[in-house]
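Worksheet: the structure to be examined is printed underneath.
Read the figures in this text as sums done on the coordinates, not as results from a lab. The shown structure was predicted, so the numbers you read here are calculated from the model rather than taken from an experiment. For neighbour counting, all protein chains shown are included, and Cβ atoms are generated from backbone atoms with ideal geometry for every residue, glycine included.
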Amino acid sequence: MPDGLNVDYDGLIPNNVGLADDARVRKALETWHPGYIGWWHDMGPEGFQDALVYLRTAVSVDPKGWAKFGFVKMPDYKWGVLLAPAVEGRTIPFGRHRGEAVWQEVPGEYRAMLRRLLVIQGDTEPASVEQQRHLGATAPSLYDLRNLFQVNVEEGRHLWAMVYLLQKYFGRDGREEAEELLRRRSGHADTPRMLGAFNEATPDWLSFFMFTYFTDRDGKMQLEALAQSGFDPLSRTTRFMLTEEAHHMFVGESGVSRIVERSCEAMRAGGIDNPADTVRARALGVIDLPTIQRKINLHVSLTLDLFGNEISTNAANAFNAGIKGRYREDRLEDDHQLLDSTYPVLRCVAGRIVEEKVPALSALNMRLRDDFGADAAGGVGRWNKVIEKAGYAFRLTLPHVAFNRRIGEFAAIHADPAGRVLDAGAWSARQAEFLPSADDNLYIAALMKPVHGAGQFANWIAPPKAGVDGKPGSFEYVQIHA
Ligand code: BYC
């Protein structure tokens with residue numbers, strides 16, 4: 001029997017939510033299950049479905065030891081429903097209900113708002129699997145191939161997490177939404193995924209690492225905000241999702257770092273003094289630093305769009321309602337209601353970028369976006385350390401928030417990555433300086449050749465510092481012809 005920490009593995013769906021005693025929800029999830037498996041076969045990783053992959057599976061929600069590693073065929077992965085342990089006596093941490101006992105059921109007046117947030121969150125999870133489905137064909141090593149599949153199966157589990165909440169708390173509407181989550185497709189002209197960045201292609205491994213570093217970090221920020229929720233099942237679900245999410249960002253950060261390391265190492269060995277010498281770096285078969293910067297510019301700008309509009313009544317309403325808080329709300333020291341406070345926001349006024357103080361409640365999306373920027377800067381600093389150690393003066397940077405935006409204030413203007421406003425002519429003339437060009441993409445695509453020998457790595461990426469689960473460098477993480 002589940003004890004809240006350990007997971008019940010007896011039924012079709014591993015869980016610590018007592019599904020064995022909840023016939024209605026169990027039936028709804030079991031009815032949804034074949035459609036999910038069908039989706040995984042159609043839209044999950046292409047090829048490799050019969051390969052044995054060294055994956056971690058959540059077997060407990062005890063922070064001291066929640067996962068076990070072992071070889072699994074991906075379609076047999078145990079996608080379960082796992083909630084972090086309940087916190088006894090928890091009260092709503094913010095908004096107009098602050099201090100009241102948390103809700104175990106959906107409050108009627110906030111039903112539509114909650115459902116929308118769950119659906120948006122749920123939609124991103126299968127979308128990312130769809131975006132990454134072709135990458136297996138070009139993995140630079142078995143280690144990286146395994147990491148890709150780990151990320152994919154866990155995003156699949158995160159879809160289960162949202163579908164459980166929809167089916168348990170939203171009745172027929174929830175079941176319909178759960179079906180729709182399997183119907184939409186990333187990048188599809190008629191039935192696209194809900195948010196922009198999740199309809200973009202992830203054509204190569206540098207894009208994958210950028211996506212897992214930056215876009216998964218939006219996931220982290222949004223999940224942190226939802227983990228504060230007064231709707232306790234959402235808080236507990238997202239808290240456990242965050243445990244898994246950390247690895248996804250590690251894959252991104254270490255992936256980019258290994259590319260930077262290899263590029264610097266090859267340039268040094270090749271006698272290249274100018275780290276921006278794209279032609280000579282490419283002659284060595286590595287990715288030049290200016291191209292890495294352009295990829296950063298692209299992925300950061302796409303990710304910033306995910307935070308929504310600068311001024312948002314949706315965000316203010318969700319906060320007032322006690323449904324979606326701020327990043328680490330429980331560690332902030334203020335009234336947690338934001339009745340009289342203001343927050344500085346960059347806005348676009350008459351084509352210029354200006355800072356304005358606005359009511360803090362209306363600026364919650366921006367506050368989360370600023371927290372994201374601070375969090376994302378850490379890894380960029382560590383990438384720069386690798387470049388510095390190689391003796392090069394080149395530095396990677398995060399682009400300005402006004403750069404290349406499609407949502408919010410800056411969608412109306414053009415700005416360069418330093419935040420200088422450009423007219424349309426200057427923008428189109430200089431776009432290839434800022435964003436990956438067709439040439440950049442062709443060059444990267446040409447590097448993407450699979451490396452399937454145990455312990456071997458493509459020339460453009462350094463091996464990792466350590467193996468997964470303490471395994472040695474020669475470990476065969478994916479047994480392709482099992
Ligand atoms: N694209 O008041 P606003 C992850 C819409 S990633 C399209 O600013 P709000 C993951 C908006 O819906 C995290 N439409 O909106 C990462 C609204 O429409 P309605 C996913 C957009 O609600 C990697 C209208 O514009 N989770 O987990 O304050 C791999 C007005 O906008 C967009 C969440 O996002 C856009 N980018 O902010 C796997 C958490 N932006 O309702 C997974 C849940 C805005 O007026 N979502 N619009 O018709 C939210 O908290 C919010 O809905 C948003 C938008 C932050 C997305």
Taking 8 Å as the Cα distance limit and 6 or more residues as the minimum spacing, I'd like the relative contact order of the range 24-96 as a percentage.
24 percent
Please give the length that would be gained between Leu12 and Arg382 if that part of the chain were fully extended, namely 0.36 nm times their separation in residues minus their C-alpha to C-alpha distance (nm, one decimal).
128.9 nm
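What's the whole-number percent of alpha carbon pairs in the range 366-443 lying beyond 18 angstrom? List each step's numbers first, then the result.
Values: 1687 of 3003 pairs.
Of all Cα-Cα pairs in the range 366-443, 56 percent lie more than 18 Å apart.
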Please list, ordered by chain and number, the residues whose modelled amide H lies under 5 Å from the amide H of Tyr343; skip anything fewer than 5 residues away on the same chain.
Val358, Ala360
What percentage of all Cα-Cα pairs in the range 51-162 are separated by more than 24 Å?
43 percent
Net lengthening on full extension, Lys449/Glu109 (0.36 nm per residue, minus Cα-Cα):
117.1 nm
Built amide H within the under 5 Å cut-off of Ala415, gap 5+:
Asn404, Leu422
Could you tell me the largest-minus-smallest coordinate of the C-alpha atoms of the range 137-198 on each of the three principal axes, in descending order and whole angstroms?
45, 28, 16
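Assuming a viscosity of 0.890 mPa s and a temperature of 25 °C, what translational diffusion coefficient in µm² per second does Stokes-Einstein assign to the chain, Rh being the Kirkwood radius over Cα pairs? Numbers along the way, then the final one.
Working: Rh = 23.5 Å.
Diffusion coefficient, whole number: 104 µm²/s.
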10 Å-binned pair-distance histogram of the range 148-267 (Cα, whole percent)
12, 35, 35, 13, 4, 1
Full-extension gain between Ala246 and Ala393, please, as 0.36 nm times their residue separation minus the C-alpha to C-alpha distance.
49.9 nm
Sorted on mean Cβ neighbours within 10 Å (highest first), peptides 179-189, 424-434, 318-328 come out as 318-328, 179-189, 424-434
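Cβ neighbours within 10 Å, averaged per peptide: list 6-15, 107-116 in order, most packed at the top.
Values: 6-15: 16.7, 107-116: 14.5.
The peptides rank, most packed first, as 6-15, 107-116.
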Please find the FRET efficiency linking Glu176 to Arg90, where r is the Cβ-Cβ separation and R0 is fixed at 30 Å, and quote it to the nearest 0.05.
0.45
Dipole of the range 234-346, positive end: most advanced residue of Asn309, Asn274, Ala246 [Cβ charges, Cα centre]:
Asn274
Mind putting a number on the dipole of the range 89-218 about its Cα centre? Charges go on the C-beta only, +1 for Lys and Arg and -1 for Asp and Glu, and I need it in Debye to the nearest 20.
380 debye
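Assuming R0 = 30 Å, what is the FRET efficiency of Arg24 and Asp76, from their Cβ-Cβ distance, to the nearest 0.05? Write out the running numbers ahead of the final one.
Details: r = 27 Å, r/R0 = 0.89.
The formula returns an efficiency of 0.65 here.
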10 Å-binned pair-distance histogram of the range 236-381 (Cα, whole percent):
9, 28, 27, 19, 12, 4, 0
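Restricting everything to alpha-carbon atoms, can you work out Rg to Rh for the range 320-370 with a Kirkwood hydrodynamic radius? Don't jump to the answer; show the numbers that get you there.
Working: Rg = 12.3 Å, Rh = 12.1 Å.
Reported Rg/Rh, Kirkwood definition of Rh: 1.02.
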Tell me, what ³J(HN,Hα) does each residue in the range 196-212 have, in order and in whole Hz, if you take phi through Karplus 6.51 cos²θ - 1.76 cosθ + 1.60 with θ = phi - 60° and put x for Gly and Pro?
x, 4, 8, 10, 7, 7, 10, x, 8, 6, 5, 4, 4, 5, 5, 4, 6
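On average over all directions, what projected area in square nanometres does the range 266-338 have, based on the convex hull of its Cα atoms? Provide the component values of the computation, followed by the final result.
On the way: hull surface 33.3 nm².
For the range 266-338, averaging the hull's shadow over all directions gives 8.3 nm².
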Which three semi-axes in whole Å describe the equivalent ellipsoid of the range 1-111, each the square root of 5 times a Cα gyration tensor eigenvalue, listed largest first?
32, 18, 15
Check Glu476: other-chain or 5+ apart residues with amide H under 5 Å from its amide H, H built from backbone geometry?
none
Ignoring everything except DSSP H segments at least 4 long, calculate the 222 nm mean residue ellipticity for the chain; use -39,500 (n - 2.57) per segment, divide by total residues, nearest 500.
-15000 deg cm²/dmol
Inverse of mean 1/r across different Cα pairs in the range 436-480, Kirkwood, Å:
12.5 Å
